[in-house]
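My questions will all concern the structure given below.
The values are calculated or read from the model by the stated rules, or taken from the named source; none is laboratory data. In this text the structure is predicted, and so the values were computed from the model without any measurement. Glycine gets a Cβ as well: all are built from the backbone with ideal geometry, and neighbour counts include every protein chain shown.
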Amino acid sequence: MKVRWLGNAAVEIFGEKHILIDPNFTVEPEKEADIVLLTHEHDDHFEEENYSSFGEDAELYAPKTSSRKFDVEGEKVKPGDKIDGIQVLECDCYGSEESVSFFYGGILHSGDSAYFPDPEGVKLIFTACFEDYYGDYISAFKRLKPELVVPFHYDPQDDLKDAVGLKKKMDEENVPNKLIEPGESIDIDK
(Lines give C-alpha, C1' and ligand atoms only; values in the text may rest on other atoms or scores of the structure.)
Protein backbone atom coordinates (compact mmCIF):
# COMPACT_ATOMS: atom_id res chain seq x y z
CA MET A 1 0.00 0.00 0.00
CA LYS A 2 1.24 3.50 -0.79
CA VAL A 3 0.50 6.74 1.07
CA ARG A 4 1.45 10.29 -0.03
CA TRP A 5 1.58 13.52 1.93
CA LEU A 6 0.06 16.33 -0.15
CA GLY A 7 0.91 19.25 2.15
CA ASN A 8 -0.99 20.67 5.14
CA ALA A 9 -2.85 17.69 6.67
CA ALA A 10 -3.81 16.23 3.28
CA VAL A 11 -2.94 12.59 2.68
CA GLU A 12 -3.85 10.21 -0.13
CA ILE A 13 -3.86 6.47 0.36
CA PHE A 14 -3.67 3.92 -2.44
CA GLY A 15 -5.27 0.71 -1.20
CA GLU A 16 -8.33 -1.17 -2.37
CA LYS A 17 -9.86 2.28 -2.78
CA HIS A 18 -8.19 5.63 -3.42
CA ILE A 19 -8.70 7.65 -0.24
CA LEU A 20 -8.14 11.39 0.18
CA ILE A 21 -8.08 12.81 3.72
CA ASP A 22 -8.48 16.52 4.49
CA PRO A 23 -8.40 17.92 0.93
CA ASN A 24 -6.54 21.17 1.45
CA PHE A 25 -3.36 20.26 -0.36
CA THR A 26 -0.37 22.02 -1.92
CA VAL A 27 0.55 19.08 -4.20
CA GLU A 28 -2.20 17.57 -6.33
CA PRO A 29 -3.31 13.97 -5.79
CA GLU A 30 -2.37 11.45 -8.44
CA LYS A 31 -6.02 10.82 -9.33
CA GLU A 32 -9.57 11.50 -8.23
CA ALA A 33 -10.58 9.90 -4.95
CA ASP A 34 -13.09 7.12 -4.36
CA ILE A 35 -13.50 8.22 -0.73
CA VAL A 36 -12.90 11.63 0.86
CA LEU A 37 -12.56 11.89 4.64
CA LEU A 38 -12.62 15.07 6.74
CA THR A 39 -11.24 15.11 10.27
CA HIS A 40 -12.78 18.39 11.45
CA GLU A 41 -14.12 21.80 10.46
CA HIS A 42 -10.96 23.96 10.46
CA ASP A 43 -10.36 25.81 7.17
CA ASP A 44 -6.82 24.44 6.81
CA HIS A 45 -8.28 20.92 6.39
CA PHE A 46 -10.70 21.61 3.55
CA GLU A 47 -10.45 23.71 0.39
CA GLU A 48 -13.47 23.87 -1.90
CA GLU A 49 -11.46 24.06 -5.15
CA ASN A 50 -9.32 21.05 -4.18
CA TYR A 51 -12.40 19.07 -3.22
CA SER A 52 -14.21 20.01 -6.45
CA SER A 53 -11.23 18.94 -8.55
CA PHE A 54 -10.39 15.62 -6.90
CA GLY A 55 -13.19 14.49 -4.62
CA GLU A 56 -16.57 15.87 -5.58
CA ASP A 57 -17.68 12.58 -7.17
CA ALA A 58 -16.31 10.51 -4.27
CA GLU A 59 -18.13 9.21 -1.23
CA LEU A 60 -17.65 11.88 1.47
CA TYR A 61 -17.48 11.08 5.18
CA ALA A 62 -17.19 13.87 7.76
CA PRO A 63 -18.33 14.93 11.21
CA LYS A 64 -21.66 16.77 11.08
CA THR A 65 -20.07 20.15 11.87
CA SER A 66 -17.63 19.82 8.95
CA SER A 67 -20.40 18.96 6.46
CA ARG A 68 -22.45 21.89 7.68
CA LYS A 69 -19.59 24.42 7.69
CA PHE A 70 -18.28 23.52 4.23
CA ASP A 71 -21.79 22.96 2.83
CA VAL A 72 -21.00 19.52 1.42
CA GLU A 73 -23.23 16.47 1.21
CA GLY A 74 -22.00 13.19 2.61
CA GLU A 75 -22.30 10.62 5.33
CA LYS A 76 -21.94 11.93 8.89
CA VAL A 77 -19.40 10.02 10.98
CA LYS A 78 -18.57 9.72 14.64
CA PRO A 79 -16.03 7.70 16.64
CA GLY A 80 -16.81 3.98 16.45
CA ASP A 81 -18.06 4.05 12.85
CA LYS A 82 -16.49 1.86 10.15
CA ILE A 83 -16.32 2.70 6.44
CA ASP A 84 -14.97 0.13 3.95
CA GLY A 85 -12.31 -1.04 6.42
CA ILE A 86 -11.61 2.49 7.71
CA GLN A 87 -12.06 2.96 11.46
CA VAL A 88 -13.36 6.32 12.67
CA LEU A 89 -11.68 7.07 15.99
CA GLU A 90 -11.82 9.69 18.70
CA CYS A 91 -9.55 12.70 18.65
CA ASP A 92 -9.42 16.16 20.12
CA CYS A 93 -8.37 18.84 17.66
CA TYR A 94 -7.83 22.09 19.55
CA GLY A 95 -10.64 24.58 18.98
CA SER A 96 -12.72 22.10 16.99
CA GLU A 97 -16.38 21.58 17.76
CA GLU A 98 -16.30 17.99 16.51
CA SER A 99 -13.29 15.99 15.27
CA VAL A 100 -12.30 12.44 14.38
CA SER A 101 -9.18 10.58 13.32
CA PHE A 102 -9.01 7.79 10.76
CA PHE A 103 -7.23 4.42 10.80
CA TYR A 104 -6.86 2.30 7.68
CA GLY A 105 -4.45 -0.50 6.79
CA GLY A 106 -2.08 0.40 9.63
CA ILE A 107 -2.11 4.15 8.83
CA LEU A 108 -3.32 6.55 11.53
CA HIS A 109 -4.25 10.07 10.39
CA SER A 110 -4.62 12.08 13.57
CA GLY A 111 -5.98 15.35 12.17
CA ASP A 112 -4.15 17.92 14.23
CA SER A 113 -4.81 16.28 17.57
CA ALA A 114 -2.29 15.52 20.30
CA TYR A 115 -4.67 12.82 21.58
CA PHE A 116 -4.19 9.41 19.98
CA PRO A 117 -6.62 6.51 20.26
CA ASP A 118 -5.38 2.91 20.58
CA PRO A 119 -6.04 1.00 17.38
CA GLU A 120 -4.18 -2.28 17.00
CA GLY A 121 -1.51 -2.68 14.35
CA VAL A 122 -0.36 0.92 13.89
CA LYS A 123 2.41 1.00 11.30
CA LEU A 124 2.47 4.66 10.24
CA ILE A 125 1.27 7.77 12.06
CA PHE A 126 0.77 11.14 10.44
CA THR A 127 0.96 13.65 13.28
CA ALA A 128 0.71 17.38 13.74
CA CYS A 129 3.80 18.85 15.35
CA PHE A 130 2.78 21.73 17.61
CA GLU A 131 5.59 22.50 20.05
CA ASP A 132 3.30 22.76 23.09
CA TYR A 133 2.32 19.09 22.64
CA TYR A 134 5.67 17.38 22.01
CA GLY A 135 5.44 15.49 25.31
CA ASP A 136 1.91 14.25 24.53
CA TYR A 137 2.99 13.10 21.06
CA ILE A 138 6.02 11.22 22.39
CA SER A 139 3.95 9.46 25.08
CA ALA A 140 1.44 8.34 22.45
CA PHE A 141 4.14 7.11 20.07
CA LYS A 142 5.78 5.07 22.83
CA ARG A 143 2.40 3.54 23.68
CA LEU A 144 1.43 2.74 20.07
CA LYS A 145 4.90 1.63 18.88
CA PRO A 146 4.48 2.53 15.18
CA GLU A 147 7.03 1.51 12.57
CA LEU A 148 7.25 5.15 11.45
CA VAL A 149 5.97 8.61 12.45
CA VAL A 150 5.69 11.38 9.86
CA PRO A 151 5.13 14.96 11.05
CA PHE A 152 2.73 16.97 8.90
CA HIS A 153 0.48 20.01 9.21
CA TYR A 154 3.28 22.55 8.73
CA ASP A 155 4.56 24.62 5.81
CA PRO A 156 7.84 23.10 4.58
CA GLN A 157 8.49 26.18 2.41
CA ASP A 158 8.09 28.64 5.25
CA ASP A 159 8.61 27.22 8.73
CA LEU A 160 10.17 23.86 9.58
CA LYS A 161 10.78 24.76 13.23
CA ASP A 162 7.96 22.66 14.73
CA ALA A 163 8.57 19.63 12.51
CA VAL A 164 12.32 19.72 13.12
CA GLY A 165 11.72 20.19 16.86
CA LEU A 166 9.45 17.15 17.05
CA LYS A 167 11.88 15.11 14.95
CA LYS A 168 14.66 15.96 17.40
CA LYS A 169 12.51 14.85 20.35
CA MET A 170 11.56 11.62 18.56
CA ASP A 171 15.22 10.93 17.77
CA GLU A 172 16.12 11.46 21.45
CA GLU A 173 13.36 9.01 22.48
CA ASN A 174 14.19 6.44 19.75
CA VAL A 175 10.85 6.86 17.99
CA PRO A 176 11.28 5.92 14.31
CA ASN A 177 10.43 8.97 12.22
CA LYS A 178 10.99 10.74 8.95
CA LEU A 179 10.40 14.22 7.57
CA ILE A 180 9.08 14.07 4.02
CA GLU A 181 8.31 16.64 1.34
CA PRO A 182 4.80 17.27 -0.01
CA GLY A 183 4.24 14.81 -2.84
CA GLU A 184 6.61 12.23 -1.37
CA SER A 185 5.18 8.76 -0.78
CA ILE A 186 5.81 5.92 1.62
CA ASP A 187 5.12 2.24 0.97
CA ILE A 188 3.87 0.09 3.82
CA ASP A 189 2.92 -3.55 4.09
CA LYS A 190 -0.75 -4.02 4.67
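When you go through Val100, Val27 one by one, which is the residue that is β-branched (Val, Ile, Thr), farther than 30 Å from Ser139 by Cα, in contact with a strand residue (DSSP E or B) (Cβ under 9 Å, 6 or more places away or on another chain) and modelled with pLDDT of 90 or more? Lay out the reasoning, then the answer.
Details: Val100 fails: farther than 30 Å from Ser139 by Cα.
None of the other options fit; the residue is Val27.
Turning to a different aspect of this structure: Step by step: first the residues of the range 103-126, then only those that are modelled with pLDDT of 90 or more and among the aromatic types (Phe, Trp, Tyr), then the one that is nearest to Met170 (Cα to Cα). Which residue is that?
Phe126
Would you point out the residue of the range 148-177, among those that are among the hydrophobic types (A, V, I, L, M, F, W, C) and touching a residue at least 24 places away in the same chain (Cβ under 8 Å), that is nearest to Gly7 (Cα to Cα)? Lay out the reasoning, then the answer.
Of all residues in the range 148-177, those among the hydrophobic types (A, V, I, L, M, F, W, C) come to 148-150, 152, 160, 163-164, 166, 170, 175.
This time we only want the ones that are touching a residue at least 24 places away in the same chain (Cβ under 8 Å), so: 148-150, 152, 163, 166, 170, 175.
Details: Leu148: 18, Val149: 16, Val150: 12, Phe152: 7, Ala163: 13, Leu166: 17, Met170: 21, Val175: 22 Å.
In this case the residue turns out to be Phe152.
Another question about this same structure. Quick one: what pairs do we get from the range 1-12, first residue free of Cβ contacts under 8 Å to residues at least 24 places away in the same chain and surrounded by 23 or more Cβ atoms within 10 Å (Cβ to Cβ), second part of a loop (DSSP other than H, G, I, E, B) and not hydrophobic (A, V, I, L, M, F, W, C), C-beta under 6 Å, 6+ apart or different chains?
Taking only residues 6 or more apart or on different chains, the pairs are Glu12/Pro29.
Tally time: how many residues in the range 72-114 are assigned to a strand (DSSP E or B), surrounded by 19 or more Cβ atoms within 10 Å (Cβ to Cβ) and touching a Lys or Arg at 6+ places or on another chain (Cβ under 8 Å)? Let's see the steps before the verdict.
Of the residues in the range 72-114, the ones assigned to a strand (DSSP E or B) are 75-76, 82-83, 86-90, 100-104, 107-109.
Still in the list and also surrounded by 19 or more Cβ atoms within 10 Å (Cβ to Cβ): 86, 88-89, 100-104, 107-109.
Add one more test, that the residue is touching a Lys or Arg at 6+ places or on another chain (Cβ under 8 Å), and what stays is 88, 100, 107.
Number satisfying all stated conditions: 3.
Yes/no per residue for (1) touching a residue at least 12 places away in the same chain (Cβ under 8 Å); (2) more than 19 Å from Pro117 (Cβ to Cβ):
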| residue | (1), (2) |
| --- | --- |
| Asn50 | yes, yes |
| Glu56 | no, yes |
| Leu60 | yes, yes |
| Ser66 | yes, no |
| Asp71 | no, yes |
| Gly74 | yes, yes |
| Gly85 | yes, no |
| Val88 | yes, no |
| Ser96 | yes, no |
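How many residues are surrounded by fewer than 22 Cβ atoms within 10 Å (Cβ to Cβ) and without any contact (Cβ under 8 Å) to a residue 40 or more places away in the chain when one looks only at the range 115-131?
Summing the residues that are surrounded by fewer than 22 Cβ atoms within 10 Å (Cβ to Cβ) and without any contact (Cβ under 8 Å) to a residue 40 or more places away in the chain in the range 115-131 gives 8.
For the range 132-147, state whether one or more residues are without any contact (Cβ under 8 Å) to a residue 24 or more places away in the chain, under 22 Å from Met170 (Cα atoms) and in contact with a Phe, Trp or Tyr (Cβ under 7 Å, 6 or more places away or on another chain).
Taking the range 132-147 and keeping what is without any contact (Cβ under 8 Å) to a residue 24 or more places away in the chain, we get 132-133, 135-136, 139, 145.
Adding the requirement that they be under 22 Å from Met170 (Cα atoms) leaves 132-133, 135-136, 139, 145.
After this cut, where a residue has to be in contact with a Phe, Trp or Tyr (Cβ under 7 Å, 6 or more places away or on another chain) as well, the list is none.
Within the range 132-147, none of the residues are without any contact (Cβ under 8 Å) to a residue 24 or more places away in the chain, under 22 Å from Met170 (Cα atoms) and in contact with a Phe, Trp or Tyr (Cβ under 7 Å, 6 or more places away or on another chain).
Further, regarding this structure: Check Glu41, Glu28 and return the single one that is part of a loop (DSSP other than H, G, I, E, B), surrounded by fewer than 20 Cβ atoms within 10 Å (Cβ to Cβ) and among the charged types (D, E, K, R).
Numbers: Glu41 fails: surrounded by fewer than 20 Cβ atoms within 10 Å (Cβ to Cβ).
Glu28 is the lone residue from the list that is part of a loop (DSSP other than H, G, I, E, B), surrounded by fewer than 20 Cβ atoms within 10 Å (Cβ to Cβ) and among the charged types (D, E, K, R).
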